[in-house]
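Data first, discussion second: the structure below is written as structure tokens.
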There are 2 protein chains.
Amino acid sequence: MDRSAEFRRWKAQCLSKEDLSRKGSVDEDVVELVQLLNGREQFFTTSSCAGRIILLDRGINGSEVQKQNCCWLLVTHKPCVKDDVIVALKKANGDAILKFEPLVLHVQCRQLQDAQILAVRSTHGLEVPLTHKGKLMVTEEYINFLIKIANQKMEENKKRIERFYNCLQHALEKETISMTSYPKEKIKEKNNSSYTHKKKRNPEKACGKYITEENNKELENDDHDDPGISVTIFPEDY
Amino acid sequence: MDRSAEFRRWKAQCLSKEDLSRKGSVDEDVVELVQLLNGREQFFTTSSCAGRIILLDRGINGSEVQKQNCCWLLVTHKPCVKDDVIVALKKANGDAILKFEPLVLHVQCRQLQDAQILAVRSTHGLEVPLTHKGKLMVTEEYINFLIKIANQKMEENKKRIERFYNCLQHALEKETISMTSYPKEKIKEKNNSSYTHKKKRNPEKACGKYITEENNKELENDDHDDPGISVTIFPEDY
């Protein structure tokens, strides 16, 4: 069986499997993005999360690494309301943490060159301890303040998903027209340019081919808080 | 000029450049790791941060994306003391945030197969808003509580750096003995196994070849808070 057929078979197998996430389905805000990718023969997604606000409670004996005693008090993929958080916090008997987690998307690629256009993780988060051994460590006013910030991040995350969708669509269209068999030398060139032209901030270029560049920039920013996206590639043809 | 010579030249050029980070030197806790990598002909590091606690002040008009008005009130690569944070917070006139950022390491590789053993980002962080328009939103007791958590994360991060160093050293030694010219088919197999055997938790395997697997697991954990490491590869020979 040739490479392409092997990939097609593997893709079909993965996509036909039951969705094993707690939710059991793809998050609404990334359905289009996931469909766009899965509709192209060279890609398929293995997991995704549109972004979420979660409130976790970690058992008193649970270290950062042990997760056995960790339970979810609240999870939402939409902006959340203070009262829901306050109510959920009452159930905390360990160390509760509020987190905002942005879009995560894992994509498998048929070829390494396809991976150049691909998959994404935003570095734009929030992780705030709220209770200690069940005792609330902050005021209601602070929780209100925090939820506003988490909701703003949720909004910003949604805009980024849209932006990424548009960039990706644009990149895939261009590829269909001009990259059917892309000369290897060109790819090499592009790849090198991501090392040398690090200071470019052109958003057009940050899409598509320049994702690795965004990633590379992370350490150069003074606060590591890169507004861009970072790459997670799983190409098949190493 | 052949590939290897080209990579050597590029490596020499990069390593001879002035260190452009604010600190101007490699963080103490990753010096050995950086030296281990740079001592191998197939790798070199382009940037690193051992992990740090930082207190940032974001200007009142500065959105999450704009960084112009962002200033550092405090930064430390060692555990920090409450009083230093309290003093630094007095200088905040915008929205101050305390962050813990774990190890980040960017590594360039001569060949794609080398990238399989490589570079790392831990997902183990902290990001807590503390002031709003200069007004402190939490109590001193909370700051104390938070600093203890940040310092614990710093300790845990240090242990992970040591663990990663040992794993990497082990992997590189094994490679020198057995992988001088690794058959392509084998690499392919290994690569596939990272998709299919996702549930393995053997720490030996989490080192080296299985880094992508750790990364892949991220979404399967209930709280995304992967204790492992995630890959950032910049192989030269796409």
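From the residues in segment A:67-115 that are in contact (Cβ under 8 Å) with a residue 40 or more places away in the chain, hydrophobic (A, V, I, L, M, F, W, C) and assigned to a strand (DSSP E or B), which one is nearest to the other protein chains (Cβ to nearest Cβ)? Steps first, answer last, please.
First, pick out the residues of segment A:67-115 that are in contact (Cβ under 8 Å) with a residue 40 or more places away in the chain: A:77-82, A:85-86, A:89, A:92-94, A:96-115.
Within this subset, residues satisfying the condition of being hydrophobic (A, V, I, L, M, F, W, C) are A:80-81, A:85-86, A:89, A:92, A:96-98, A:100, A:103-105, A:107, A:109, A:112, A:115.
Filter once more, keeping what is assigned to a strand (DSSP E or B): A:96-98, A:100, A:104-105, A:107, A:109.
On the way: A:ALA96: 12, A:ILE97: 9, A:LEU98: 10, A:PHE100: 9, A:VAL104: 6, A:LEU105: 9, A:VAL107: 11, A:CYS109: 12 Å.
So, considering only residues that are in contact (Cβ under 8 Å) with a residue 40 or more places away in the chain, hydrophobic (A, V, I, L, M, F, W, C) and assigned to a strand (DSSP E or B), the one nearest to the other protein chains (Cβ to nearest Cβ) is A:VAL104.
Can you work out which of the residues in segment A:20-34 that are more than 17 Å from A:ARG163 (Cβ to Cβ) and either loosely packed, with under 14 Cβ neighbours inside 10 Å or in contact with a Lys or Arg (Cβ under 6 Å, 6 or more places away or on another chain) (or both) is modelled with the highest pLDDT?
Checked segment A:20-34; the qualifying residue modelled with the highest pLDDT is A:GLU28.
Checking A:GLU6 against (1) crowded, with 16+ Cβ neighbours inside 10 Å; (2) in a helix (DSSP H, G or I), only one condition comes out false. Which one?
(1)
The values are calculated or read from the model by the stated rules, or taken from the named source; none is laboratory data. Computed from a predicted structure; not experimentally measured. Note: ideal-geometry Cβ built from the backbone for every residue, glycine included; neighbour counts use all protein chains shown.
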